[in-house]
Each structure stands twice: as structure tokens, then as C-alpha cells.
Amino acid sequence: MEAIAEEPEMSAVIVQEQVRIPSNVSSLRAFRRWAQSDAFPETGHVAWLDGEVWVDMSPEQLITHNKVKGRIGNVLDALALEEKLGMYFHDRTLLSNPAADLSTEPDGVFASFETLEEGRARLVENQAGPIEMEGSPDMVLEVVSPSSVRKNTVVLPRLYWRAGISEFWLVDARGERPKFDILVRGRSAYLPTPKTSGWLASRVFGHSFRIVAEPNRLGYPEFTLRVR
């Protein structure tokens, strides 16, 4: 990755008295430089989406967001390891794509070994190791929260499609039954994968999946990603 030139820093923008956005963060290049620095926020979600900085400092929903992305990520990570498919990365992974003018942290990212070996996606490193993925991974996961409905259902599908990402997994577990879609990149937009007896086939992973929720002894739903 070429060095990102330093830019003079002017007065900052303060969001919700918590996030300080330097005024020179006016391009994807500048955002990525900030995101790779120690000044980048360690809490909340801050992204560069098609020319705009998006900030979400809402607390994470423990049941319908944290538990869901964790369960899905654990299953896909184990599957990728067991079948030697590639590398799955959990949330807080910085994903950037210059062609889509995008830099964000999805709830999960998967890149096959072939994708990484052929350079469609690559790991950007600093002195300590990889800190960012750049390019077009095979799959991204987003779990909808009350504060991210428009971002996850309108803005990100358009940008992930532009970034050339084959599958966009979208989950909304806020209702009585979790909504789960595997969206496949079509000619001009993502297309939903048809369900077969409740199962969704993934070309990326070579398996079919479904999400089920059952109450635990406290009455809270426990989410499971099933694989066949």
C-alpha cells in the first residue's frame, strides 16, 4: 500500500461529544490514514461511505446484535478453518475499497485463499501485522440494529455491490423471528437467494444455512446458524 501523505490538520468536528473528526478527513485516503492512527475511536462505528463520514455511537444491542454476529462468525470461522476455505474476520475489521469510495467495519468479512492469492483482496500491514483489508472480499455480514437500518439496507448494499463483493449476508433479529438473507451480486444490484425449505445456499461457502432462535432459561432468544 502506498504511503498516505500527511495533510495539515485544522479544527475538528466533534460528534456527540465523543468522536473528534479531523477537518482534513475529506477523502477516502485521509479517512484511511485517520482510521489507521491511534486517534481513531475505539468505540462506536465510524465509516467513510461514498464521500461522507458516518458516525454511530449508539450502544450495541446485546441480544439482537452482539449475540447474532458472534454466533454467525464463530460458525463461519470454524467452517473456513476446517475446510481450508480462506480467512474469516470478525467485527472491527477495517475494509476499504477505493472503487466504491468505501471504508467501514462490517460485522464480518470472509476472503477465500484464492481471492487473497490472486489479489482481488489483500491484507494491508503495518509494523505489527495486518490492520486492514483492501479490495473485494467474497462475503460481508451486516446485522441490523435500530440505528443502522438505512445504512445496512440502502447505503451499504449499493456500495458493497460497487466494491465487487459476491455475497452480502444481511440479518435482522429484532422481530419475533430472525430475518436472514444471502444477497448475491447481480448485473446491477444484489439479488436475494431463494429459500429452499427455509435454507439459503451460499456459493461462497459451498453449503446451505439457516438461522433459528430458541429461548433460553431466562426467556432471551439464543440464535444458531445451522449448516448443511
**Message:** So if I check each of S58, S103, which one is surrounded by fewer than 19 Cβ atoms within 10 Å (Cβ to Cβ) and under 18 Å from E42 (Cα atoms)?
**Reply:** S58
**Request:** Report, by residue number, each residue of the range 18-48 that is touching a Lys or Arg at 6+ places or on another chain (Cβ under 8 Å) and open to solvent by 50 Å² or more (accessible area, probe 1.4 Å).
**Result:** A39
**Request:** Looking only at the range 90-109, count how many residues are farther than 12 Å from K69 by Cβ, assigned to a strand (DSSP E or B) and out of contact with any His (no Cβ under 9 Å at 6 or more places or on another chain).
**Result:** 5
**Asked** Given R217, R158, R187, R226, which one is part of a helix (DSSP H, G or I), open to solvent by 80 Å² or more (accessible area, probe 1.4 Å) and of a type in the set (D, E, K, R)?
**Response** R158
**Message:** Of all residues being under 16 Å from the mean Cα position of the chain (by Cα) and β-branched (V, I, T) in the range 156-197, which is farthest from H45 (Cα to Cα)? Just the residue, please.
**Reply:** V184
**Request:** Mind telling me which of the residues W34, W48 ends up being under 22 Å from V143 (Cβ atoms) and within 20 Å of the chain's Cα centre (by Cα)?
**Result:** W48
**Request:** Considering each of L76, L28 in turn, give the residue that is in contact with a strand residue (DSSP E or B) (Cβ under 8 Å, 6 or more places away or on another chain) and under 30 Å from E214 (Cβ atoms).
**Result:** L76
**Prompt:** Residues of the range 112-128 being out of contact with any Asp or Glu (no Cβ under 6 Å at 6 or more places or on another chain) and either in a loop (DSSP other than H, G, I, E, B) or open to solvent by less than 10 Å² (accessible area, probe 1.4 Å) (or both), which ones?
**Reply:** E118, G119, R120, A121, Q127, A128
**Complete:** Across the range 54-66, the tally of residues that are over 12 Å from D172 (Cα atoms) and in contact with a strand residue (DSSP E or B) (Cβ under 6 Å, 6 or more places away or on another chain) stands at 3
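The values are calculated or read from the model by the stated rules, or taken from the named source; none is laboratory data. Nothing here was measured: the structure is a model prediction, and the numbers come from that model. Cβ coordinates were reconstructed from backbone atoms using ideal geometry, including for glycine residues, and neighbour counts include every protein chain displayed. To get the accessible areas, we keep the full protein, side chains included, count just its heavy atoms, and leave off ligands, DNA and RNA. Shrake-Rupley method; radii C 1.70, N 1.55, O 1.52, S 1.80 Å.
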